[in-house]
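Report on one structure; see the data block that follows.
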Amino acid sequence: MNEEITKQLKEKFDNIGQDLDVHLQGLLYSKPINYWDYIQTDALLDLQTQRTVLPDEMVFIMYHQINELLFKMILWEIDQVATAESLTADFFSTKLMRVSRYFDMLTSSFEIMRLGMDVEQYNKFRNTLTPASGFQSAQYRKIEISSTELINLIDNRFRATIDRDTPFEHAFEHLYWQAAGKDYKTGKKSYLLTVFEERYKEEFIRFAKFYNTNNLWTKFKELPEAVRTNQDLVNAMRHYDYTVNIKWVMAHYNTANHYLNIDGKTTEATGGSEWVKYMHPKYQRRIFFPELWSKQELDEWGENV
Ligand code: HEM
């Protein structure tokens with residue numbers, strides 16, 4: 001055996017008080033790894049359980065699962081930016097471009113939802129999943145919380161007036177997505193929102209506290225000016241913002257229209273929101289990095305798309 005490797009192995013095991021020889025003997029009996037054990041294909045391919053006999057429900061389930069995997073990949077990269085000991089421009093742009101590519105993929109593949117299922121089948125199997133909705137994807141919310149400051153996720157109607165230092169609990173009640181399930185006059189929440197919060201609210205608040213100072217937007221603003229003004233980096237930031245908050249949102253909205261707006265008559269969504277208005281980017285006005293857009297671009301956000 002290569003002496004240098006033996007030396008490094010010995011050092012490694014000495015450092016944790018372990019005997020290298022015992023570990024080498026263990027290797028004598030270890031099984032060689034194979035693809036299916038490493039990737040866990042059996043476990044992965046065992047997770048697709050239909051609730052109906054309609055074949056296109058499988059497309060719906062699997063595409064959502066693919067989305068959740070990509071959401072995990074996105075959060076994986078964002079976490080590395082958030083926890084990096086010292087952030088270089090190169091590292092920041094590399095991670096941001098990875099995240100952007102994942103979201104590009106989610107956006108361009110949304111046609112699998114819009115064109116890949118039979119409308120009649122969709123409108124049958126969706127009844128079996130009511131009142132569940134993609135609205136309840138916790139990872140999607142985490143992507144938003146870790147991408148920008150909470151103020152940019154506050155409902156547009158309250159964004160200008162809410163106290164920026166408001167406690168997390170209060171800010172949470174005014175996040176844009178409360179509008180999908182809350183009657184602001186009575187404060188009453190829909191079932192969709194109530195169960196979502198029971199399951200995730202505490203976790204979201206913990207997450208938001210950490211990302212309050214570690215989100216992509218704050219990290220970007222802390223970079224030295226020469227880096228912050230680097231055009232490639234600025235373009236990458238704008239590309240990400242636009243892809244998530246206009247392109248993905250519109251692909252999603254167009255899909256909802258395809259299935260739930262038939263002959264000009266809109267159907268209630270499984271989650272029960274007033275989706276026609278709620279889902280459009282011009283109402284939500286979610287913008288992760290507002291200072292990277294001109295006044296005109298901000299004024300026209302979500303228009304003519
Ligand atoms: C046929 C396909 C789809 C339709 C018709 C659809 C429809 C809707 C509707 C109407 C809403 C509003 C909430 C409600 O009342 O339910 C919603 C929210 C949501 N859906 Fe989908 N959706 C589809 C596919 C997907 C996919 C593939 C994902 C990816 C995970 C997804 C993620 C989300 C998210 C994150 C929200 C919350 C968005 C927000 O608050 O602005 N949806 N969806």
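The values are calculated or read from the model by the stated rules, or taken from the named source; none is laboratory data. These figures come from a predicted structure and were not determined experimentally. When we count neighbours, we look across all protein chains shown, and the Cβ atoms used for this are built from the backbone with ideal geometry, even at glycine.
Quick notes on this structure:
- The condition of being away from the ligand (no atom under 16 Å from the Cβ), more than 20 Å from the chain's Cα centre (by Cα) and not small (Gly, Ala, Ser) does not hold for residue 212.
- All conditions in (1) surrounded by fewer than 16 Cβ atoms within 10 Å (Cβ to Cβ); (2) modelled with pLDDT of 95 or more; (3) closer than 30 Å to residue 124 by Cα hold for residue 249, with the sole exception of (1).
- Check on residue 218, in a helix (DSSP H, G or I) and of a type in the set (Val, Ile, Thr): yes
- Considering residues of region 175-196 that are assigned to a helix (DSSP H, G or I) and surrounded by fewer than 16 Cβ atoms within 10 Å (Cβ to Cβ) only, the residue nearest to the ligand (Cβ to nearest atom): 191
- Here residue 256 qualifies as among the small types (Gly, Ala, Ser), surrounded by 14 or more Cβ atoms within 10 Å (Cβ to Cβ) and within 16 Å of the ligand (Cβ to nearest atom).
- Residue among 74, 78, 61 that is among the β-branched types (Val, Ile, Thr) and without any contact (Cβ under 8 Å) to a residue 24 or more places away in the chain: 61
- From the list 210, 196, the lone residue that is of a type in the set (Phe, Trp, Tyr), in contact with a helix residue (DSSP H, G or I) (Cβ under 6 Å, 6 or more places away or on another chain) and modelled with pLDDT of 95 or more is 196.
- Whichever residue in region 139-162 is over 20 Å from residue 214 (Cα atoms) and among the charged types (D, E, K, R) and, among such residues, is surrounded by the most Cβ atoms within 10 Å (Cβ to Cβ): 155
- Put simply, of 70, 87 the only residue that is among the aliphatic types (A, V, I, L, M), at pLDDT below 95, under 30 Å from residue 214 (Cα atoms) and surrounded by 10 or more Cβ atoms within 10 Å (Cβ to Cβ) is 87.
- Listing of helices (runs of 4 or more DSSP H) fully contained in region 225-305 that carry 1 or more residues being closer than 23 Å to residue 67 by Cα and under 18 Å from the mean Cα position of the chain (by Cα): 231-242, 249-260, 281-284
- Within region 265-301, being closer than 30 Å to residue 131 by Cβ, away from the ligand (no atom under 11 Å from the Cβ) and either of a type in the set (Gly, Ala, Ser) or surrounded by 15 or more Cβ atoms within 10 Å (Cβ to Cβ) (or both) holds for 282, 285, 287, 288.
- Selection within region 116-168 - under 16 Å from residue 272 (Cα atoms) and either in contact with a strand residue (DSSP E or B) (Cβ under 9 Å, 6 or more places away or on another chain) or not aromatic (Phe, Trp, Tyr) (or both): 123, 126, 127, 128, 129, 130, 131, 132, 133, 134, 136, 137
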